[in-house]
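Inspection log for the structure reproduced underneath, given as structure tokens.
The values are calculated or read from the model by the stated rules, or taken from the named source; none is laboratory data. Treat the numbers as computed from the prediction; the structure is a model and nothing was measured. With ideal geometry, Cβ positions are generated from the backbone for all residues, glycine too; neighbour counts draw on all protein chains shown. Each accessible area value is taken on the protein alone, full model and side chains, heavy atoms only, with ligands, DNA and RNA left out. Shrake-Rupley method; radii C 1.70, N 1.55, O 1.52, S 1.80 Å.
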Amino acid sequence: MGKLHQCYTTLACVFGSILSASLSVWPSYTLAEFTSNSTTVLSAPMSTFEASLLGSLPALGAMVGTMMAGMIIDGLGRKNGGLVIAMPYLLSWLVIDLTSSSLVVLICRFVAGISIGASSVHAPIFISEVAEESIRGMLSSGPIAAYCIGAMFSYVMGWTLTYQYINWCNMALCITYIILLASVRESPVYLMRKNREEDARQAIAHYRGGSADSKAVMEELSLLKQRVQPAREMLPINDTEVEKAEKEMLNNQDIDGNKNMPSYKMLMVSPSSRRAFTVVGAVISTQVMMGMVPVQVYAKDIFTQAAPSLSSHLCSVLFALVLMVGSMSSALFSDRLGRKPLLLASAITVGICLVAMGFFMQTNVAPPAVTAILILFYCFAFMLGAGTVPYILLAEGFVAEVQSLASMILMEWVWLLNFLLLAIFPYMVQFFGVHGSFYCFAVFAVVDVLIAIFMVPETKGLTKEQIQEAFLERRKK
């Protein structure tokens, strides 16, 4: 029952990713209705500027939500904080369904973006705090897989349902998200940090499927109690002494003569936290710069050339299906093969696909259908490792004291990097051509391979303490 409870809590958390995907994909099939002179859902058609904001405002809202997420879930808890994060989703869809004003629709898109950003921080933290080592990789891949499922579901709704029914379906998904979150058990890590030891013991028993008085539960409670003790400031002379002091702390030895240290200072002072922040930041940046988002933008034109007889809706569903299969394959294999092999194989394959796509588009030596197949294969390879492993590392690579802060900073960086990449992509196409842009993305795939080889430690099946030691050992090599 313990693993079932872990999976249920993961399902509740990743529902936010399903809603994020549905919200992001929604403009692709509603924009034509909003900009049409004969629109029936708005009082007046959207201008070109308003149409551009329809897609970009959620990203701005997400940056705000990411900044707020740590404060919300650390103050209210993973469960109650998640419920607060879910509310803007429901509010935005309710108002969108009732309004005919384009301005109100845009405001709702921004408000919903706040939930997108906050849920992207909330889900990995909650999942990492309840998942046991044997299935942590699979469960940590859940948000990415759920995002792909949400995108496919949204494309299907756009293909088959009317505007109002789409809004109602999204509201139903929001209500389901709230019900699921309301029915989960609070994180034992949060409870222990609030000095609610008995509640933490019951939560551990719930998520491990054992008696609250069992030896296994008591041992994990003792380990958790030692792990979430307030961080202590270490004042050695150099990094070698810092590492020695930190290893003593990781081995649960007390460090005398020190004082409590805030999370931002521990992130700067702790060598393992600094190293984890550097490595996760590097892999999460290169996965953005490998161009998945711009390729998604250009994919529709490629599919139109490759298969003009197929509807654009069918192609969009096929595209989302490949992304979903790739992300679910990552969830299946991350705990069997390990994080590092998946990341390496994925980055190498992505690099080859990008170079081949650029070459075929530059030379036209192959029919468009070949390029279309390559795009699908690129998407699968990307979601198999390069697009998912960074978020697994984000969920498991940090100790409890700095997890919220590190996740907030890195996700804020991801949103900003995505925004900048989309902003410069038209200029890349203008100066280098689409094929030249693919070559640029391939360079970052090579960088990702080098990072995976020389910087990323294998974290499969390791405890939080062992992962910190792995980062320290990798740093010395």
Across region 30-63, what is the total count of residues that are more than 24 Å from L417 (Cα to Cα) and within 19 Å of the chain's Cα centre (by Cα)? 0
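Kindly check whether there is at least one residue in region 378-388 that is open to solvent by 20 Å² or more (accessible area, probe 1.4 Å) and under 30 Å from L53 (Cα atoms). First the steps, then the outcome.
Residues of region 378-388 that are open to solvent by 20 Å² or more (accessible area, probe 1.4 Å), as a first pass: 380, 384.
With the extra rule that they be under 30 Å from L53 (Cα atoms), the set shrinks to 380.
Looking for residues that are open to solvent by 20 Å² or more (accessible area, probe 1.4 Å) and under 30 Å from L53 (Cα atoms), one finds at least one in region 378-388, hence yes.
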Looking at region 354-367, which of its residues are farther than 19 Å from F380 by Cβ and either buried (at least 18 other Cβ atoms within 10 Å of the Cβ) or among the polar types (S, T, N, Q) (or both)? M361, Q362, T363, N364
Which of the residues spanning region 455-474 are polar (S, T, N, Q), open to solvent by 10 Å² or more (accessible area, probe 1.4 Å) and part of a helix (DSSP H, G or I)? Q466
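So that you can scan it fast, the table gives a plain yes or no per residue for (1) open to solvent by less than 30 Å² (accessible area, probe 1.4 Å); (2) under 19 Å from V402 (Cα atoms); (3) in contact with a Lys or Arg (Cβ under 8 Å, 6 or more places away or on another chain):
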| site | (1), (2), (3) |
| --- | --- |
| G81 | yes, yes, no |
| Y89 | yes, no, no |
| L94 | no, no, no |
| R109 | yes, no, no |
| I135 | yes, no, yes |
| A145 | yes, no, no |
| I149 | no, no, no |
Please give the number of the condition V434 fails out of (1) aliphatic (A, V, I, L, M); (2) out of contact with any Phe, Trp or Tyr (no Cβ under 9 Å at 6 or more places or on another chain); (3) over 23 Å from M138 (Cβ atoms). (2)
Extreme residue, most open to solvent (accessible area, probe 1.4 Å), among residues of region 426-447 that are of a type outside the set (A, V, I, L, M, F, W, C) and touching a Gly at 6+ places or on another chain (Cβ under 8 Å): Y439
From the option list F431, F454, F419, single residue qualifying as at pLDDT 85 or above and over 27 Å from P341 (Cα atoms) is F431
For L76, state whether it is surrounded by fewer than 16 Cβ atoms within 10 Å (Cβ to Cβ) and modelled with pLDDT of 90 or more. yes
If you go through region 35-43 one residue at a time, do you hit one that is modelled with pLDDT under 90, part of a helix (DSSP H, G or I) and of a type outside the set (F, W, Y)? yes
Reported set for region 205-225 where residues are open to solvent by less than 50 Å² (accessible area, probe 1.4 Å), farther than 15 Å from H5 by Cβ and over 28 Å from the mean Cα position of the chain (by Cα) is S214, L221
